[in-house]
Amino acid sequence: MKKLLCILIIAITNTEAYAQVCFSAATNFNAGSSPWIIESADFNGDGSLDLAVANFSSGNSISVLIGNGLGGFATATNFAVGIDPSSIKSSDFNGDGNMDLAVSNQTSNNVSVLIGNGLGSFASANNFAVGANPGGLTSADFNGDGNKDIAVTNFTSNNVSVLLGDGLGTFAAATSFAVGASPQTIISADFNADGKMDLATDGSDVYVLIGNGLGSFSAFSTFSIGAGVYSIISGDFNGDNLIDLAAAAKTTNNVSVLIGNGLGSFSTATNFAVDVAPESVITADFNGDGKMDLATANYTSNNLSVLMGNGLGSFSTATNFTVGIAPTSIISADFNGDSKMDLITANANSNNVSVLLNNIPIVSATVIGATITANQNAAAYQWINCNGNLPISGETNQSFVTTSNGNYAVIVTQNNCSDTSDCYDITTVGLIESSSLSDVTIYPNPSNGQYTLKGNNINSIVVYNLIGEKVFQSAINSTTSEIDLSNMPNGVYFIKIQVLQTFFTKKVVIE
(Lines give C-alpha, C1' and ligand atoms only; values in the text may rest on other atoms or scores of the structure.)
Protein backbone atom coordinates (compact mmCIF):
# COMPACT_ATOMS: atom_id res chain seq x y z
CA MET A 1 0.00 0.00 0.00
CA LYS A 2 1.42 3.33 -1.08
CA LYS A 3 2.17 6.05 1.49
CA LEU A 4 1.43 9.70 0.72
CA LEU A 5 2.50 12.73 2.81
CA CYS A 6 -0.47 15.13 3.03
CA ILE A 7 -0.34 18.75 4.25
CA LEU A 8 -3.17 19.84 6.55
CA ILE A 9 -5.20 22.59 4.88
CA ILE A 10 -5.56 25.86 6.77
CA ALA A 11 -7.43 28.81 5.23
CA ILE A 12 -7.23 31.63 7.73
CA THR A 13 -7.09 35.40 7.36
CA ASN A 14 -5.60 36.84 10.54
CA THR A 15 -5.34 40.60 11.05
CA GLU A 16 -2.10 41.40 12.80
CA ALA A 17 -1.89 43.59 15.87
CA TYR A 18 0.97 45.67 14.55
CA ALA A 19 3.35 47.18 17.05
CA GLN A 20 5.06 50.07 15.32
CA VAL A 21 3.84 53.66 15.17
CA CYS A 22 4.49 55.55 11.97
CA PHE A 23 3.07 58.87 10.77
CA SER A 24 3.83 60.97 7.71
CA ALA A 25 5.57 64.31 7.91
CA ALA A 26 3.09 67.07 8.73
CA THR A 27 1.17 68.81 5.96
CA ASN A 28 -0.02 72.26 7.04
CA PHE A 29 -3.25 74.08 6.18
CA ASN A 30 -3.87 77.71 7.11
CA ALA A 31 -6.52 78.60 9.68
CA GLY A 32 -7.23 81.93 11.40
CA SER A 33 -5.09 83.80 13.89
CA SER A 34 -4.13 81.74 16.95
CA PRO A 35 -6.07 78.57 16.15
CA TRP A 36 -6.61 77.13 19.61
CA ILE A 37 -8.99 74.19 19.61
CA ILE A 38 -9.84 71.91 16.69
CA GLU A 39 -12.85 69.65 16.03
CA SER A 40 -13.73 67.26 13.19
CA ALA A 41 -17.06 66.17 11.72
CA ASP A 42 -18.73 65.85 8.31
CA PHE A 43 -20.20 69.32 7.83
CA ASN A 44 -21.20 69.04 4.16
CA GLY A 45 -22.56 65.48 4.06
CA ASP A 46 -20.07 64.06 1.55
CA GLY A 47 -18.86 61.29 3.86
CA SER A 48 -15.45 62.89 4.42
CA LEU A 49 -14.34 64.53 7.64
CA ASP A 50 -14.00 68.30 7.80
CA LEU A 51 -12.40 70.59 10.39
CA ALA A 52 -13.61 73.44 12.57
CA VAL A 53 -11.11 75.59 14.45
CA ALA A 54 -11.64 78.13 17.22
CA ASN A 55 -9.33 81.08 16.46
CA PHE A 56 -8.52 82.80 19.71
CA SER A 57 -7.16 86.03 18.19
CA SER A 58 -8.80 86.17 14.77
CA GLY A 59 -11.47 88.84 14.86
CA ASN A 60 -13.79 86.65 16.94
CA SER A 61 -14.22 83.89 14.38
CA ILE A 62 -13.97 80.19 13.76
CA SER A 63 -12.56 78.57 10.61
CA VAL A 64 -14.14 75.64 8.75
CA LEU A 65 -11.96 73.60 6.38
CA ILE A 66 -13.75 71.11 4.13
CA GLY A 67 -11.94 67.78 3.74
CA ASN A 68 -11.43 65.97 0.43
CA GLY A 69 -11.35 62.49 1.98
CA LEU A 70 -7.69 62.04 1.05
CA GLY A 71 -6.21 63.92 4.00
CA GLY A 72 -6.32 67.35 2.38
CA PHE A 73 -8.48 70.36 3.20
CA ALA A 74 -9.88 73.36 1.31
CA THR A 75 -9.14 76.98 2.10
CA ALA A 76 -10.71 78.00 5.40
CA THR A 77 -14.08 79.76 5.55
CA ASN A 78 -14.64 81.92 8.63
CA PHE A 79 -17.80 82.38 10.69
CA ALA A 80 -18.31 85.04 13.36
CA VAL A 81 -18.75 84.06 17.03
CA GLY A 82 -18.21 85.81 20.37
CA ILE A 83 -15.04 87.43 21.68
CA ASP A 84 -11.91 85.25 21.92
CA PRO A 85 -13.28 81.78 21.07
CA SER A 86 -11.42 79.23 23.14
CA SER A 87 -13.14 75.88 22.50
CA ILE A 88 -15.41 74.25 19.91
CA LYS A 89 -17.62 71.16 19.75
CA SER A 90 -19.79 69.68 16.98
CA SER A 91 -23.14 68.00 17.47
CA ASP A 92 -26.64 67.99 15.99
CA PHE A 93 -28.35 70.48 18.30
CA ASN A 94 -31.61 70.88 16.36
CA GLY A 95 -32.23 67.29 15.27
CA ASP A 96 -32.16 67.87 11.51
CA GLY A 97 -29.35 65.39 10.85
CA ASN A 98 -26.79 68.10 10.06
CA MET A 99 -23.81 68.87 12.24
CA ASP A 100 -23.89 72.14 14.18
CA LEU A 101 -21.22 73.91 16.23
CA ALA A 102 -20.97 75.28 19.77
CA VAL A 103 -18.15 77.66 20.66
CA SER A 104 -17.13 78.99 24.07
CA ASN A 105 -16.00 82.63 24.03
CA GLN A 106 -13.56 83.49 26.79
CA THR A 107 -13.93 87.27 26.89
CA SER A 108 -17.64 87.71 26.08
CA ASN A 109 -18.55 85.03 28.67
CA ASN A 110 -20.96 83.15 26.43
CA VAL A 111 -21.41 80.18 24.15
CA SER A 112 -22.15 80.69 20.45
CA VAL A 113 -24.30 78.06 18.71
CA LEU A 114 -24.12 77.93 14.90
CA ILE A 115 -26.67 75.75 13.11
CA GLY A 116 -25.29 73.89 10.09
CA ASN A 117 -27.09 73.64 6.75
CA GLY A 118 -25.50 70.31 5.85
CA LEU A 119 -23.60 71.89 2.95
CA GLY A 120 -20.62 73.15 4.94
CA SER A 121 -22.05 76.53 5.92
CA PHE A 122 -23.56 77.79 9.16
CA ALA A 123 -26.20 80.26 10.28
CA SER A 124 -25.36 83.34 12.31
CA ALA A 125 -24.45 82.56 15.90
CA ASN A 126 -26.97 82.57 18.74
CA ASN A 127 -25.27 83.38 22.04
CA PHE A 128 -26.04 81.96 25.49
CA ALA A 129 -24.57 83.42 28.69
CA VAL A 130 -22.35 81.29 30.94
CA GLY A 131 -19.82 82.00 33.72
CA ALA A 132 -16.62 84.03 33.78
CA ASN A 133 -13.94 83.18 31.18
CA PRO A 134 -15.45 80.02 29.67
CA GLY A 135 -12.97 77.52 28.27
CA GLY A 136 -13.55 73.82 27.66
CA LEU A 137 -16.83 72.61 26.18
CA THR A 138 -18.59 69.25 25.85
CA SER A 139 -21.98 68.09 24.64
CA ALA A 140 -24.17 65.15 25.68
CA ASP A 141 -27.71 64.39 26.85
CA PHE A 142 -27.54 65.22 30.56
CA ASN A 143 -31.26 65.06 31.41
CA GLY A 144 -32.39 62.06 29.39
CA ASP A 145 -34.80 63.85 27.05
CA GLY A 146 -32.96 62.81 23.87
CA ASN A 147 -31.70 66.32 23.15
CA LYS A 148 -28.09 67.45 23.13
CA ASP A 149 -27.07 69.67 26.05
CA ILE A 150 -23.89 71.67 26.64
CA ALA A 151 -21.46 71.92 29.55
CA VAL A 152 -18.69 74.50 29.68
CA THR A 153 -15.91 75.27 32.18
CA ASN A 154 -15.54 78.78 33.60
CA PHE A 155 -11.91 79.47 34.42
CA THR A 156 -12.37 82.50 36.67
CA SER A 157 -15.63 81.58 38.44
CA ASN A 158 -14.35 78.05 39.18
CA ASN A 159 -17.49 76.29 38.06
CA VAL A 160 -19.18 74.46 35.22
CA SER A 161 -22.20 75.87 33.38
CA VAL A 162 -24.76 73.36 32.08
CA LEU A 163 -27.17 74.49 29.36
CA LEU A 164 -30.05 72.11 28.63
CA GLY A 165 -31.08 71.91 24.98
CA ASP A 166 -34.65 71.94 23.66
CA GLY A 167 -33.78 69.91 20.55
CA LEU A 168 -34.46 72.91 18.30
CA GLY A 169 -31.05 74.54 18.66
CA THR A 170 -31.73 76.76 21.65
CA PHE A 171 -30.82 76.31 25.29
CA ALA A 172 -32.16 77.10 28.75
CA ALA A 173 -30.38 79.52 31.06
CA ALA A 174 -27.17 78.07 32.45
CA THR A 175 -27.08 76.24 35.78
CA SER A 176 -23.71 76.33 37.53
CA PHE A 177 -21.95 73.60 39.48
CA ALA A 178 -18.83 74.34 41.52
CA VAL A 179 -15.51 72.65 40.78
CA GLY A 180 -11.94 73.24 41.92
CA ALA A 181 -9.61 76.03 40.93
CA SER A 182 -9.14 77.14 37.32
CA PRO A 183 -11.07 74.52 35.32
CA GLN A 184 -10.01 74.30 31.68
CA THR A 185 -11.12 71.39 29.48
CA ILE A 186 -14.15 69.19 30.16
CA ILE A 187 -15.38 65.77 29.03
CA SER A 188 -18.58 63.79 29.51
CA ALA A 189 -18.84 60.02 30.04
CA ASP A 190 -20.55 57.52 32.31
CA PHE A 191 -17.93 57.07 35.04
CA ASN A 192 -20.05 55.06 37.48
CA ALA A 193 -21.81 52.81 34.97
CA ASP A 194 -25.34 53.87 35.93
CA GLY A 195 -26.36 54.84 32.39
CA LYS A 196 -26.24 58.58 33.15
CA MET A 197 -23.72 61.06 31.81
CA ASP A 198 -21.16 62.46 34.23
CA LEU A 199 -18.56 65.21 33.87
CA ALA A 200 -14.82 65.47 34.43
CA THR A 201 -12.81 68.65 34.20
CA ASP A 202 -9.29 69.73 35.00
CA GLY A 203 -7.42 72.62 36.55
CA SER A 204 -5.14 72.38 39.53
CA ASP A 205 -6.33 68.75 39.75
CA VAL A 206 -8.96 66.54 38.12
CA TYR A 207 -12.57 67.12 39.20
CA VAL A 208 -15.40 64.61 38.66
CA LEU A 209 -19.12 65.38 38.94
CA ILE A 210 -21.59 62.48 38.89
CA GLY A 211 -24.80 63.13 36.97
CA ASN A 212 -28.29 62.21 38.22
CA GLY A 213 -29.73 61.86 34.72
CA LEU A 214 -32.02 64.86 35.25
CA GLY A 215 -29.52 67.56 34.32
CA SER A 216 -28.02 68.03 37.76
CA PHE A 217 -24.70 66.89 39.21
CA SER A 218 -23.22 65.93 42.57
CA ALA A 219 -20.62 67.89 44.45
CA PHE A 220 -17.27 67.40 42.75
CA SER A 221 -14.63 64.86 43.80
CA THR A 222 -10.97 65.75 43.46
CA PHE A 223 -8.24 63.46 42.14
CA SER A 224 -4.73 64.81 42.52
CA ILE A 225 -2.27 64.92 39.64
CA GLY A 226 0.48 66.84 41.41
CA ALA A 227 0.68 69.50 38.70
CA GLY A 228 -1.66 71.79 36.82
CA VAL A 229 -3.71 69.96 34.20
CA TYR A 230 -4.41 71.50 30.79
CA SER A 231 -6.38 68.74 29.07
CA ILE A 232 -8.28 65.57 29.95
CA ILE A 233 -9.60 62.59 27.99
CA SER A 234 -11.40 59.35 28.83
CA GLY A 235 -11.00 55.80 27.56
CA ASP A 236 -10.63 52.19 28.66
CA PHE A 237 -6.87 51.88 29.04
CA ASN A 238 -6.65 48.55 30.90
CA GLY A 239 -9.31 46.50 29.12
CA ASP A 240 -11.75 46.10 32.04
CA ASN A 241 -14.61 47.86 30.19
CA LEU A 242 -14.58 50.71 32.72
CA ILE A 243 -13.82 54.34 31.94
CA ASP A 244 -10.36 55.64 32.84
CA LEU A 245 -8.88 59.13 32.57
CA ALA A 246 -5.72 60.60 31.06
CA ALA A 247 -4.64 64.17 31.78
CA ALA A 248 -1.95 66.32 30.18
CA ALA A 249 0.21 67.89 32.91
CA LYS A 250 1.84 70.80 31.08
CA THR A 251 4.20 71.95 33.82
CA THR A 252 5.73 68.49 34.44
CA ASN A 253 5.85 67.27 30.82
CA ASN A 254 3.87 64.10 31.31
CA VAL A 255 0.53 62.38 30.88
CA SER A 256 -1.15 61.18 34.05
CA VAL A 257 -3.32 58.05 33.78
CA LEU A 258 -6.01 57.38 36.40
CA ILE A 259 -7.68 53.97 36.27
CA GLY A 260 -11.42 53.99 36.97
CA ASN A 261 -13.18 51.54 39.30
CA GLY A 262 -16.57 51.84 37.62
CA LEU A 263 -18.07 53.54 40.65
CA GLY A 264 -17.01 57.07 39.80
CA SER A 265 -13.64 56.95 41.56
CA PHE A 266 -10.13 56.69 40.17
CA SER A 267 -6.74 55.34 41.20
CA THR A 268 -3.67 57.35 42.04
CA ALA A 269 -2.18 58.81 38.88
CA THR A 270 0.61 57.03 37.01
CA ASN A 271 2.76 59.38 34.96
CA PHE A 272 4.27 58.87 31.50
CA ALA A 273 6.78 61.34 30.09
CA VAL A 274 6.14 63.28 26.89
CA ASP A 275 7.92 66.26 25.33
CA VAL A 276 7.82 69.85 26.56
CA ALA A 277 4.56 71.43 27.76
CA PRO A 278 1.76 69.07 26.70
CA GLU A 279 -1.26 71.28 26.11
CA SER A 280 -3.75 68.67 24.83
CA VAL A 281 -4.21 64.88 24.95
CA ILE A 282 -6.21 62.47 22.80
CA THR A 283 -6.74 58.70 22.79
CA ALA A 284 -7.19 56.30 19.88
CA ASP A 285 -5.88 52.94 18.66
CA PHE A 286 -3.05 54.03 16.39
CA ASN A 287 -1.44 50.64 15.75
CA GLY A 288 -4.51 48.47 15.32
CA ASP A 289 -3.89 46.11 18.23
CA GLY A 290 -7.23 46.80 19.92
CA LYS A 291 -5.58 48.71 22.76
CA MET A 292 -5.97 52.43 23.38
CA ASP A 293 -2.96 54.64 22.80
CA LEU A 294 -2.31 58.30 23.69
CA ALA A 295 -1.05 61.37 21.86
CA THR A 296 -0.27 64.83 23.16
CA ALA A 297 0.24 68.23 21.51
CA ASN A 298 3.36 69.76 23.07
CA TYR A 299 3.25 73.56 23.07
CA THR A 300 6.90 74.41 23.66
CA SER A 301 8.66 71.63 21.74
CA ASN A 302 6.46 72.15 18.63
CA ASN A 303 5.67 68.49 18.25
CA LEU A 304 3.30 65.74 19.26
CA SER A 305 4.10 62.67 21.35
CA VAL A 306 2.58 59.25 20.70
CA LEU A 307 2.54 56.60 23.45
CA MET A 308 1.46 53.06 22.62
CA GLY A 309 -0.78 51.33 25.16
CA ASN A 310 -0.26 47.75 26.33
CA GLY A 311 -3.92 47.23 27.24
CA LEU A 312 -3.07 46.94 30.94
CA GLY A 313 -3.00 50.64 31.74
CA SER A 314 0.63 51.27 30.89
CA PHE A 315 2.21 53.04 27.92
CA SER A 316 5.43 52.97 25.92
CA THR A 317 8.11 55.60 25.76
CA ALA A 318 6.89 58.52 23.67
CA THR A 319 7.69 58.85 19.97
CA ASN A 320 7.70 62.46 18.78
CA PHE A 321 6.58 63.97 15.45
CA THR A 322 7.18 67.59 14.39
CA VAL A 323 4.16 69.84 13.78
CA GLY A 324 3.61 73.61 13.56
CA ILE A 325 4.55 76.25 16.12
CA ALA A 326 2.94 76.07 19.58
CA PRO A 327 0.39 73.25 19.11
CA THR A 328 -2.50 73.71 21.55
CA SER A 329 -4.99 71.03 20.49
CA ILE A 330 -4.92 67.55 18.99
CA ILE A 331 -7.59 65.32 17.44
CA SER A 332 -7.58 61.86 15.87
CA ALA A 333 -9.77 60.33 13.16
CA ASP A 334 -9.47 58.64 9.77
CA PHE A 335 -9.06 61.63 7.46
CA ASN A 336 -8.00 59.78 4.29
CA GLY A 337 -10.33 56.77 4.34
CA ASP A 338 -7.75 54.02 4.88
CA SER A 339 -9.23 52.84 8.22
CA LYS A 340 -6.19 54.04 10.17
CA MET A 341 -6.28 56.75 12.80
CA ASP A 342 -4.55 59.97 11.74
CA LEU A 343 -3.62 63.04 13.81
CA ILE A 344 -4.18 66.78 13.44
CA THR A 345 -2.94 69.61 15.66
CA ALA A 346 -3.98 73.25 15.85
CA ASN A 347 -0.87 75.43 16.03
CA ALA A 348 -1.45 78.75 17.80
CA ASN A 349 1.70 80.59 16.72
CA SER A 350 1.96 79.41 13.09
CA ASN A 351 -1.76 80.00 12.43
CA ASN A 352 -2.32 76.62 10.82
CA VAL A 353 -3.24 73.01 11.40
CA SER A 354 -0.83 70.10 10.89
CA VAL A 355 -2.12 66.87 9.36
CA LEU A 356 -0.14 63.66 10.00
CA LEU A 357 -1.43 60.57 8.19
CA ASN A 358 -0.96 57.14 9.73
CA ASN A 359 1.41 55.19 7.46
CA ILE A 360 1.68 51.93 9.35
CA PRO A 361 0.89 48.87 7.20
CA ILE A 362 -1.94 46.66 8.38
CA VAL A 363 -0.17 43.31 8.15
CA SER A 364 -2.03 40.03 7.68
CA ALA A 365 -1.54 36.83 5.76
CA THR A 366 -3.51 33.89 4.40
CA VAL A 367 -2.46 30.26 4.71
CA ILE A 368 -3.49 27.58 2.22
CA GLY A 369 -1.75 24.28 2.58
CA ALA A 370 1.97 24.90 2.88
CA THR A 371 1.79 28.34 1.25
CA ILE A 372 1.53 31.59 3.24
CA THR A 373 0.66 34.76 1.32
CA ALA A 374 0.90 38.31 2.64
CA ASN A 375 -2.36 40.17 1.99
CA GLN A 376 -0.59 43.50 1.36
CA ASN A 377 0.19 44.28 -2.27
CA ALA A 378 2.90 46.58 -3.65
CA ALA A 379 5.20 46.19 -0.67
CA ALA A 380 8.56 44.71 0.30
CA TYR A 381 8.50 41.36 2.10
CA GLN A 382 10.83 39.36 4.32
CA TRP A 383 9.67 36.02 5.70
CA ILE A 384 10.99 34.99 9.09
CA ASN A 385 11.08 31.87 11.24
CA CYS A 386 9.26 32.71 14.46
CA ASN A 387 11.47 30.27 16.35
CA GLY A 388 14.21 32.80 16.93
CA ASN A 389 12.69 35.51 14.69
CA LEU A 390 15.39 34.90 12.11
CA PRO A 391 14.98 35.98 8.46
CA ILE A 392 14.74 33.16 5.93
CA SER A 393 17.37 33.66 3.25
CA GLY A 394 15.96 34.46 -0.18
CA GLU A 395 12.31 34.47 0.90
CA THR A 396 11.31 37.99 -0.12
CA ASN A 397 8.26 37.34 -2.29
CA GLN A 398 4.64 38.01 -1.36
CA SER A 399 4.04 34.25 -1.05
CA PHE A 400 6.20 31.78 0.85
CA VAL A 401 6.01 28.03 0.19
CA THR A 402 7.15 26.29 3.35
CA THR A 403 9.25 23.16 3.06
CA SER A 404 9.08 22.06 6.68
CA ASN A 405 6.77 22.37 9.66
CA GLY A 406 7.16 25.45 11.85
CA ASN A 407 5.96 28.92 12.75
CA TYR A 408 6.42 31.64 10.16
CA ALA A 409 5.68 35.36 9.82
CA VAL A 410 6.25 38.11 7.29
CA ILE A 411 7.73 41.60 7.70
CA VAL A 412 5.95 43.99 5.33
CA THR A 413 7.39 47.40 4.45
CA GLN A 414 5.23 50.10 2.86
CA ASN A 415 5.83 53.87 2.75
CA ASN A 416 9.08 53.40 4.69
CA CYS A 417 7.16 51.80 7.58
CA SER A 418 7.56 48.15 8.52
CA ASP A 419 5.63 45.75 10.67
CA THR A 420 5.37 42.02 11.26
CA SER A 421 2.41 39.69 10.93
CA ASP A 422 1.29 37.15 13.46
CA CYS A 423 3.11 33.82 13.41
CA TYR A 424 1.37 31.12 11.37
CA ASP A 425 1.69 27.47 12.37
CA ILE A 426 2.32 25.02 9.53
CA THR A 427 1.77 21.37 10.49
CA THR A 428 1.34 18.04 8.71
CA VAL A 429 -1.36 15.47 9.16
CA GLY A 430 1.28 12.78 9.02
CA LEU A 431 1.88 9.78 6.82
CA ILE A 432 -1.47 8.49 5.64
CA GLU A 433 -1.76 5.03 4.17
CA SER A 434 -4.21 5.31 1.31
CA SER A 435 -4.07 4.06 -2.25
CA SER A 436 -7.10 6.30 -2.95
CA LEU A 437 -5.09 9.50 -2.41
CA SER A 438 -2.39 8.51 -4.85
CA ASP A 439 -5.03 7.86 -7.51
CA VAL A 440 -6.42 11.42 -7.49
CA THR A 441 -5.43 13.42 -10.55
CA ILE A 442 -6.52 16.73 -12.07
CA TYR A 443 -5.76 17.71 -15.65
CA PRO A 444 -4.88 19.53 -17.81
CA ASN A 445 -2.81 21.81 -15.58
CA PRO A 446 -2.29 24.63 -16.51
CA SER A 447 -5.53 25.11 -18.41
CA ASN A 448 -8.06 27.72 -19.46
CA GLY A 449 -10.11 26.90 -16.35
CA GLN A 450 -11.64 23.62 -17.55
CA TYR A 451 -10.33 20.66 -15.52
CA THR A 452 -11.05 16.96 -15.21
CA LEU A 453 -10.84 15.45 -11.70
CA LYS A 454 -10.38 11.68 -11.44
CA GLY A 455 -10.10 9.51 -8.37
CA ASN A 456 -11.87 7.12 -6.05
CA ASN A 457 -13.85 8.06 -2.93
CA ILE A 458 -13.76 11.83 -3.57
CA ASN A 459 -16.48 13.53 -1.50
CA SER A 460 -16.07 17.23 -2.28
CA ILE A 461 -13.79 20.01 -3.46
CA VAL A 462 -13.30 23.63 -2.38
CA VAL A 463 -11.32 26.10 -4.51
CA TYR A 464 -9.43 29.07 -3.00
CA ASN A 465 -7.67 31.93 -4.75
CA LEU A 466 -4.19 33.10 -3.83
CA ILE A 467 -5.37 35.36 -0.99
CA GLY A 468 -7.46 32.63 0.64
CA GLU A 469 -10.94 33.54 -0.63
CA LYS A 470 -13.28 30.63 -1.32
CA VAL A 471 -14.29 30.98 -4.99
CA PHE A 472 -15.91 27.63 -5.78
CA GLN A 473 -17.11 24.46 -4.08
CA SER A 474 -18.89 21.31 -5.17
CA ALA A 475 -19.89 17.86 -4.00
CA ILE A 476 -18.37 15.02 -6.04
CA ASN A 477 -20.42 11.89 -6.81
CA SER A 478 -18.36 10.21 -9.50
CA THR A 479 -14.86 8.95 -10.14
CA THR A 480 -14.57 11.42 -13.03
CA SER A 481 -15.87 14.98 -12.71
CA GLU A 482 -15.57 18.15 -14.75
CA ILE A 483 -14.59 21.34 -12.91
CA ASP A 484 -15.39 24.62 -14.66
CA LEU A 485 -13.33 27.56 -13.37
CA SER A 486 -13.26 29.38 -16.72
CA ASN A 487 -15.02 32.41 -15.23
CA MET A 488 -12.12 32.98 -12.83
CA PRO A 489 -9.29 35.44 -13.56
CA ASN A 490 -5.98 33.99 -14.67
CA GLY A 491 -3.73 33.01 -11.80
CA VAL A 492 -2.89 30.37 -9.21
CA TYR A 493 -5.65 28.51 -7.31
CA PHE A 494 -5.67 25.79 -4.67
CA ILE A 495 -8.19 22.96 -4.75
CA LYS A 496 -8.87 21.33 -1.39
CA ILE A 497 -10.00 17.78 -2.03
CA GLN A 498 -11.78 15.54 0.49
CA VAL A 499 -11.18 11.82 0.06
CA LEU A 500 -13.16 9.93 2.69
CA GLN A 501 -12.10 11.67 5.93
CA THR A 502 -8.82 13.01 4.57
CA PHE A 503 -8.11 16.43 3.03
CA PHE A 504 -5.28 17.43 0.75
CA THR A 505 -4.60 20.19 -1.77
CA LYS A 506 -3.66 20.51 -5.41
CA LYS A 507 -2.35 23.68 -7.02
CA VAL A 508 -3.74 24.60 -10.43
CA VAL A 509 -3.01 27.42 -12.82
CA ILE A 510 -5.48 29.22 -15.07
CA GLU A 511 -3.89 30.96 -18.04
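Tell me, which residue of segment 246-279 that is touching a residue at least 60 places away in the same chain (Cβ under 8 Å) and assigned to a strand (DSSP E or B) is surrounded by the most Cβ atoms within 10 Å (Cβ to Cβ)? Filtering first and then ranking leaves VAL255.
Starting from segment 27-42, take each residue that is of a type in the set (Lys, Arg) and list its partners that are at pLDDT 95 or above, counting only C-beta distances under 8 angstrom and pairs at least six apart or across chains. The qualifying pairs do not exist here.
When only residues in segment 345-367 that are aliphatic (A, V, I, L, M) and open to solvent by 20 Å² or more (accessible area, probe 1.4 Å) count, which is modelled with the lowest pLDDT? Walk me through how you get there before you give the answer.
In the first step, residues of segment 345-367 are kept if they are aliphatic (A, V, I, L, M); the result is 346, 348, 353, 355-357, 360, 362-363, 365, 367.
Going one step further and asking which of them are open to solvent by 20 Å² or more (accessible area, probe 1.4 Å), we end up with 357, 362.
Numbers: LEU357: 96, ILE362: 76.
Step by step, filter segment 345-367, then rank; the result is ILE362.
Of these, SER305, SER329, which one is of a type in the set (Ser, Thr, Tyr) and more than 27 Å from PRO361 (Cβ to Cβ)?
Working: SER305 fails: more than 27 Å from PRO361 (Cβ to Cβ).
That would be SER329, the only listed residue that is of a type in the set (Ser, Thr, Tyr) and more than 27 Å from PRO361 (Cβ to Cβ).
Taken over segment 286-344, the criterion of being under 16 Å from the mean Cα position of the chain (by Cα), under 23 Å from THR251 (Cβ atoms) and either among the hydroxyl-bearing types (Ser, Thr, Tyr) or in a loop (DSSP other than H, G, I, E, B) (or both) is satisfied by THR296 alone.
I want to confirm something. Restricting to segment 168-186 and keeping residues that are of a type in the set (A, V, I, L, M) and buried (at least 20 other Cβ atoms within 10 Å of the Cβ), which single residue is nearest to PRO278 (Cα to Cα)?
Within segment 168-186, the first condition is being of a type in the set (A, V, I, L, M), and the residues that meet it are 168, 172-174, 178-179, 181, 186.
Right, trim to buried (at least 20 other Cβ atoms within 10 Å of the Cβ) and you get 174, 179, 186.
On the way: ALA174: 31, VAL179: 23, ILE186: 16 Å.
Once the filter is applied, the top-ranked residue is ILE186.
Of the conditions (1) in a strand (DSSP E or B); (2) open to solvent by less than 10 Å² (accessible area, probe 1.4 Å); (3) not aromatic (Phe, Trp, Tyr), ASP425 fails just one. Which one is it? Unmet condition: (2). You will find that of GLY195, GLY165, the residue that is closer than 22 Å to ASN143 by Cβ, modelled with pLDDT of 95 or more and open to solvent by less than 10 Å² (accessible area, probe 1.4 Å) is GLY165 and no other. Of the listed requirements (1) at pLDDT 95 or above; (2) at positive phi, ALA178 misses just one: (2).
Among the conditions (1) closer than 22 Å to ASP293 by Cα; (2) open to solvent by 60 Å² or more (accessible area, probe 1.4 Å), ASN238 misses just one, which is (2). All of SER58, SER112 fail the test of being at pLDDT below 95, in contact with a strand residue (DSSP E or B) (Cβ under 8 Å, 6 or more places away or on another chain) and not acidic (Asp, Glu), apart from SER58. Of the set (1) aliphatic (A, V, I, L, M); (2) buried (at least 24 other Cβ atoms within 10 Å of the Cβ); (3) over 22 Å from ILE37 (Cα atoms), all apply to ALA370 but (2).
Inside segment 313-356, can you point out the residues that are touching a residue at least 40 places away in the same chain (Cβ under 8 Å) and of a type in the set (D, E, K, R)? Scanning segment 313-356 gives ASP334, LYS340, ASP342. What about TYR493, is it at negative phi, of a type in the set (Ser, Thr, Tyr) and at pLDDT 85 or above? When the stated conditions are applied, TYR493 does not pass them.
Inside segment 496-506, residues that are surrounded by fewer than 18 Cβ atoms within 10 Å (Cβ to Cβ), at negative phi and either assigned to a loop (DSSP other than H, G, I, E, B) or free of Cβ contacts under 8 Å to residues at least 60 places away in the same chain (or both) make up a count of 2.
For segment 53-132, which fully contained strands (runs of 3 or more DSSP E) count at least 1 residues that are open to solvent by 50 Å² or more (accessible area, probe 1.4 Å) and among the β-branched types (Val, Ile, Thr)? Quick ask: steps written out before the conclusion?
Numbers: elements: 61-65, 77-80, 85-91, 100-105, 110-114, 126-129.
Of the strands (runs of 3 or more DSSP E) lying wholly inside segment 53-132, those with at least 1 residues that are open to solvent by 50 Å² or more (accessible area, probe 1.4 Å) and among the β-branched types (Val, Ile, Thr) span 77-80.
The values are calculated or read from the model by the stated rules, or taken from the named source; none is laboratory data. Keep in mind that this is a model prediction, so the values were computed, not measured. A quick note on method: Cβ atoms are made from the backbone with ideal geometry, for glycine too, and the neighbour counts reach across all protein chains shown. These area figures cover heavy atoms from the full protein model, side chains too; ligands, DNA and RNA do not enter into them. Shrake-Rupley method; radii C 1.70, N 1.55, O 1.52, S 1.80 Å.
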